[in-house]
Amino acid sequence: MRIIIFGPPGAGKGTISHSLIKRYGIPQISTGDLLRLSIKKMDDIGRKAKPFLDDGMLAPDDLVIPLLKKRIAKPDCAKGYILDGFPRTMRQADELEEFSHIDRVINLQSSEAVIITRLTGRRTCSQCNAIFHIKNMPPKKEGICDKCGGKLFQRDDDNPETIKKRLVAYREQTEPLISYYKEKDLLTAVDGEQEITKIVQDCIDALEA
Ligand code: ADP
């Protein structure tokens, strides 16, 4: 199964994707995580992408598309994958169509007020990328990942000023993909403001319909 989890920053794409991994036995692929890993390593892609991420802008297609292509060519993707945060531009969607068949696109919908609360309170595990929230989904022990014991950190781009820019980038460059996938009859809207278990169930219903 090849799935796209679509939605604005903070809609819960990462959280929901993590919940679907086990059920379907396929990996979640987050281009955001791949980019942050490149930045940590300071490899060629990381060096070029860093200023864009720091500024809340999308990384250039010429960096992101090859990064994603290389990742999905790995053996663990043979049975499928959950794309989280890709595609984010029309060119990414067009190119994706050339190298991958997509079964379903889930559009996670959330209001801007909810998104901002989620992003400002979000904490991420530095080791396994699990996602927590200081109020809505706190870890058992403050600052420590429940799943692997790794240290939690707040992403540099989860500050109010950069969040605003990311939302503008979403509206201008990514939102148009909704009609693109609607026309292909691949899109299912899911209310992303419900409890996590209910959101996950709605996604499963959509995927197994
Ligand atoms: P969020 O969905 O909360 O914005 P991500 O981890 O998916 O978080 O993305 C973080 C940043 O990584 C984005 O703001 C953008 O700069 C960059 N990025 C991630 N995926 C893409 C993509 N497909 N195309 C361009 N830039 C991307």
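Name every residue in segment 122-144 that is open to solvent by less than 50 Å² (accessible area, probe 1.4 Å) and closer than 20 Å to Thr197 by Cβ, in order of residue number.
Arg122, Ala130, Ile131, Phe132, His133, Pro139
Would it be correct to say that Asp158 is of a type in the set (Asp, Glu) and within 23 Å of Phe86 (Cα to Cα)?
In short, yes.
Would you call Lys141 over 20 Å from Arg36 (Cβ atoms) and assigned to a loop (DSSP other than H, G, I, E, B)?
The answer is yes for Lys141.
Of Ile29, Ile39, which residue is more than 9 Å from the chain's Cα centre (by Cα), surrounded by 15 or more Cβ atoms within 10 Å (Cβ to Cβ) and aliphatic (A, V, I, L, M)?
Answer to the check: Ile39.
Is it the case that Asp61 is touching a Ser or Thr at 6+ places or on another chain (Cβ under 8 Å), at pLDDT 95 or above and surrounded by fewer than 19 Cβ atoms within 10 Å (Cβ to Cβ)?
For Asp61, the condition - touching a Ser or Thr at 6+ places or on another chain (Cβ under 8 Å), at pLDDT 95 or above and surrounded by fewer than 19 Cβ atoms within 10 Å (Cβ to Cβ) - is met.
Could you tell me which of the residues Lys48, Lys74 is more than 16 Å from the chain's Cα centre (by Cα), more than 29 Å from Gln194 (Cβ to Cβ) and surrounded by 15 or more Cβ atoms within 10 Å (Cβ to Cβ)?
One residue alone meets the criteria, Lys48.
Being farther than 18 Å from Asp157 by Cβ, touching a Gly at 6+ places or on another chain (Cβ under 9 Å) and either in a loop (DSSP other than H, G, I, E, B) or without any contact (Cβ under 8 Å) to a residue 40 or more places away in the chain (or both) is the filter here, so list the residues in segment 71-110 that pass it.
Across segment 71-110, the qualifying residues are Lys79, Gly80, Asp103.
When residues of segment 32-56 are filtered for being near the ligand (Cβ under 7 Å from one of its atoms) and not in a helix (DSSP H, G or I), how many remain?
Result for segment 32-56: 1.
Of all residues being aromatic (Phe, Trp, Tyr) and closer than 19 Å to Ala11 by Cα in segment 154-192, which is nearest to the ligand (Cβ to nearest atom)? Just the residue, please.
Out of the qualifying residues, it is Tyr170.
The values are calculated or read from the model by the stated rules, or taken from the named source; none is laboratory data. Please read all numbers here as calculations on a predicted model, not as lab measurements. Glycine gets a Cβ as well: all are built from the backbone with ideal geometry, and neighbour counts include every protein chain shown. Side chains included, ligands, DNA and RNA excluded: accessible areas come from the protein's heavy atoms. Shrake-Rupley method; radii C 1.70, N 1.55, O 1.52, S 1.80 Å.
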